[in-house]
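Asks: One structure follows; several queries about it will come next.
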Amino acid sequence: MAGGQLVGIPTETVYGLAANAWDPLAVRRIFVAKSRPASNPLIVHLASLDRLADAIAWPPSETIARQIDALEDLWPGPLTIVCPRCARIPDEVTAGRATVAVRIPAHPVARQILQECPFPLAAPSANRSRYISPTVAEHVCDRSGLAAHVAMVIDGGPSVHGVESTIVALGDSPRLLRPGTITAEQIADRLKVNLSQLQAFSGSPSAATGPDRDAEWVGPGMMREHYCPTTPLILLCGNRAALDENNDLHRVGRISFGPLAPAEAARYRAVETLSESGDLVEIARYLFAALRRMDEEGLDAIHCDTCSPTGLGLAIMDRLSRAAAGTGPASQGAESSR
Ligand code: TXA
Ligand code: MG
């Protein structure tokens, strides 16, 4: 990475496409590799809290210092904060914004890489822009991947969380910009704000197209359509008509959150059961990989279960709603599922 190359790295959330965050040319290569809009800023990864001054304005304001202290027990881990940036972070990383997103990953391999690099790492998820995030090393370079652009991929095994980090914008009115495995409830509790205030912009697809879209604290990358398979994705909540017994499902795949009745399973070409017990941790962990496998099957559509959008369920439904919003007829199901 010292030479400005891009490297696929494991993290506990999803695999990242990493480059020296202080090198504007290397950072530009990330945008080219992913076909990512230059307006969508990147997360800067650090080895530890001691290195915060490598990325954020130092010293931080009293409010931000207090908020970082309150969140400290969640690092290293799947939590990203957004706060004023330091001058050393180039515009390419922040898309010209006055703020920078920072995270300290917990994955032992990511930690080791960060400890050995004399610079922080800018790393978005290692997928083409708008496609499904990678949760195993093979995803980074598979058919839909980034093989032509990466110097190497470091295999650290499957990502344990399976959805990207929770993002919180710090400051006088902290906001949840993206839900993740660290829940909105955990953040609200530590920052001593009420949940509805924290989620005033929840990163939901409908909010992202609303009037607050360009406000500084709104996640610039919170696109209504994201994580999209090429096969139409239909969310079953609010869409039970999809299961009408007269519908022919023999070219349709099903992602279920728990065991399916044998008669229902038999109607589908392929079935992926994410958890035998409906456990949200397992559902989040295996969701993206299942979507990718289904997308390789040449199916007419993918049917997917839904869950209540609270706790970790909020992160799962956030990803599914956006994935469905990008695949044509499914978009109505996506809107009704949140
Ligand atoms: O778990 C993760 O966060 C993974 C791993 C690799 O660390 N990374 C990841 O990066 O998901 P990416 O680029 O796929 O998503 C980063 C999100 C984008 O939606 C981006 O718009 C937002 O973070 N973001 C980055 N900088 C920001 C800023 N200054 N203000 C608001 N949002 C920001
Ligand atoms: Mg991403």
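Asks: Suppose we filter R285, R269 for residues that are at pLDDT 95 or above, among the basic types (K, R) and closer than 19 Å to P179 by Cα; which single one remains?
Replies: The unique qualifying residue is R285.
Asks: Go through the stretch 90-133 and report how many residues are aliphatic (A, V, I, L, M) and farther than 23 Å from H149 by Cα.
Replies: 6
Asks: Suppose we filter R285, R322 for residues that are within 30 Å of A188 (Cα to Cα), out of contact with any Gly (no Cβ under 9 Å at 6 or more places or on another chain) and touching a residue at least 60 places away in the same chain (Cβ under 8 Å); which single one remains?
Replies: Of R285, R322, the one residue that is within 30 Å of A188 (Cα to Cα), out of contact with any Gly (no Cβ under 9 Å at 6 or more places or on another chain) and touching a residue at least 60 places away in the same chain (Cβ under 8 Å) is R322.
Asks: Could you tell me whether R293 is out of contact with any helix residue (DSSP H, G or I) (no Cβ under 9 Å at 6 or more places or on another chain) and among the charged types (D, E, K, R)?
Replies: yes
Asks: What are the residues in the stretch 128-139 that are more than 14 Å from T230 (Cα to Cα) and in contact with a helix residue (DSSP H, G or I) (Cβ under 8 Å, 6 or more places away or on another chain), if any?
Replies: Selection gives P134, T135, V136, H139.
Asks: Here's a check for you: in the stretch 241-270, which residue that is among the small types (G, A, S) and in contact with a strand residue (DSSP E or B) (Cβ under 9 Å, 6 or more places away or on another chain) is surrounded by the most Cβ atoms within 10 Å (Cβ to Cβ)?
Replies: The qualifying residue surrounded by the most Cβ atoms within 10 Å (Cβ to Cβ) is G253.
Asks: If the Cβ limit is 7 Å and pairs must be 6+ apart or interchain, which residue in the stretch 121-142 that is away from ligand 2 (no atom under 12 Å from the Cβ) pairs with which residue that is modelled with pLDDT under 95?
Replies: These pairs meet every condition: H139/G145; V140/L146; C141/A147.
Asks: Here's a follow-up. Could you give every pair whose Cβ atoms fall below 9 Å, whose first residue belongs to the stretch 8-23 and is over 15 Å from A147 (Cα atoms) and among the hydroxyl-bearing types (S, T, Y), and whose second residue is part of a strand (DSSP E or B) and more than 10 Å from ligand 2 (Cβ to nearest atom), counting only separations of at least 6 or pairs across chains?
Replies: T11/H45; T11/R103; T13/R103
The values are calculated or read from the model by the stated rules, or taken from the named source; none is laboratory data. Just so it is clear, the structure is predicted and the values come from calculations on it, not from any experiment. When we count neighbours, we look across all protein chains shown, and the Cβ atoms used for this are built from the backbone with ideal geometry, even at glycine.
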